[in-house]
1. Not counting ligands, DNA or RNA, and with a 1.4 Å probe, what is M91's accessible surface area in Å² rounded to the nearest 10?
2. Could you tell me which of rounded, prolate or oblate describes the range 139-195, using a ≥ b ≥ c as the square roots of the eigenvalues of the alpha-carbon gyration tensor, with rounded for a/c under 1.5 and, failing that, prolate when a/b is larger than b/c and oblate otherwise?
3. Once the Cβ-Cβ distance between L251 and L85 is put in as r, and R0 is 35 Å, what FRET efficiency do you end up with, to the nearest 0.05?
4. Could you sort H135, H143 by accessible area so the largest value comes first, with the probe set to 1.4 Å?
5. Accessible area of E108, 1.4 Å probe, to the nearest 10 Å²?
6. Go through the range 271-287 residue by residue and turn each phi into a ³J(HN,Hα) via Karplus (6.51, -1.76, 1.60, θ = phi - 60°); whole Hz please, and just put x for glycine and proline.
7. What do you get for Rg/Rh of the range 101-226 when both radii come from the Cα atoms and Rh is the Kirkwood radius?
8. What residues have an amide H closer than 5 Å to that of L138, excluding those fewer than 5 places away on the same chain, when H is modeled at 1.01 Å from N in the peptide plane?
Amino acid sequence: MTQQIPPSDRAAVTALPGQGTGEHDRTARTGGRRTVIGWAALGAVFLVLQVYVFARWTADGGYHLADVSGPDGREPGHRRIIDVLLPALSMAGVVGLAFWLVRRWRAERRLSFDALLFTGVLFAGWLSPLMNWFHPVLMANTHVWGAVGSWGPYVPGWRGLPPGKEAELPLVTFSLGSTVLLGVLGCCQVMSRVRERWPGVRPWQLVGLAFLTAVAFDLSEPFISFAGVSVWARVLPTVTLWRGAWYQFPLSQLVGTGLASGSLSALRFFRDARDETLLERGTWLLPARMRPWMRFLAVVGAVNTVMLGYSALQALLSLVGGQPPGELPDFFGPPAAAH
């Protein structure tokens, strides 16, 4: 029996042209369960690696930051309102969106792809330090509430700074779960409107539209640089706004965000007659008890892959060269900048 599609998701479903449910069943049976099992296996690998990294980080006390006190014994800089307000708002946004997804789940009695995507992004937040794999690319302000030593040095093969020399802002990083999902929902809404207006639009054109929409949404990100929560320490001068200043912003960030959010938007938007995304093909062939877990692991695997690609892009660009800011403001004191 074909799964009933919730009204909120019907606009995103793309039936295969000229194919009915019966032909879809034959196609899915031919491929079997390999698609969802493959992605789920990758998701399990990412989760195991994440547990390993955080276990090493915790056991070694890597969450402690190096002492960067000045010659008079006082800590440089000071905590500002924004340093507390931004993490608090980030966590409030995550909690609020989680409640909305839970209420939707109870109303529809179905675990939506949006809930899986939200959770998948949260479980991909551990990749945030990887853009600093070779050099400090994005440095966090240690005076922001919740700042801890980066767990990046505990990732196998790490070539960046040693433990305690870089900061991570997990309370801010968690906000990716809400901002990414809201961005994906916005991109899908634009794609849906365009397809309704021009039914003959091709899939690759919709994917390109998702990329451009994601870039447009990300145009507000330079304001985070102005807030002094983090600074871009290694940027290409020719493609950087306000280069040389502590609030410099690389345009490559817009490209990376567009590719990541555009990919996730296309993944959510294009579904088959069973309301399955590309990741979930063959889930219906699995035992009922396994389906939610396999879908969860598959989405975790896909989101981690996308985020890993984004981090790898930023890390590789740092090898081309870069220009660090000329000087940092008094309120900014990351350990990486002090050594």
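1. Number for this one is 60 Å².
2. Numbers: a/c = 4.50, a/b = 2.31, b/c = 1.95.
Here the range 139-195 falls in the prolate category.
3. Working: r = 27 Å, r/R0 = 0.78.
That pair, L251 with L85, gives E of 0.80.
4. H135, H143
5. Taking all protein chains as shown, E108 has close to 60 Å².
6. Once θ is set to phi - 60°, the couplings for the range 271-287 become 10, 9, 5, 8, 6, 9, 6, 4, 5, 9, 4, x, 4, 5, 7, 8, x Hz.
7. On the way: Rg = 18.4 Å, Rh = 17.3 Å.
Ratio of gyration radius to Kirkwood radius: 1.07.
8. Placed amide hydrogens put A233 under 5 Å from L138.
The values are calculated or read from the model by the stated rules, or taken from the named source; none is laboratory data. From a predicted model like this one, the values you see are computed outputs, not experimental measurements. Quick reminder, even Gly has a Cβ in these numbers, built from the backbone with ideal geometry, and neighbours come from all protein chains shown. These area figures cover heavy atoms from the full protein model, side chains too; ligands, DNA and RNA do not enter into them. Shrake-Rupley method; radii C 1.70, N 1.55, O 1.52, S 1.80 Å.
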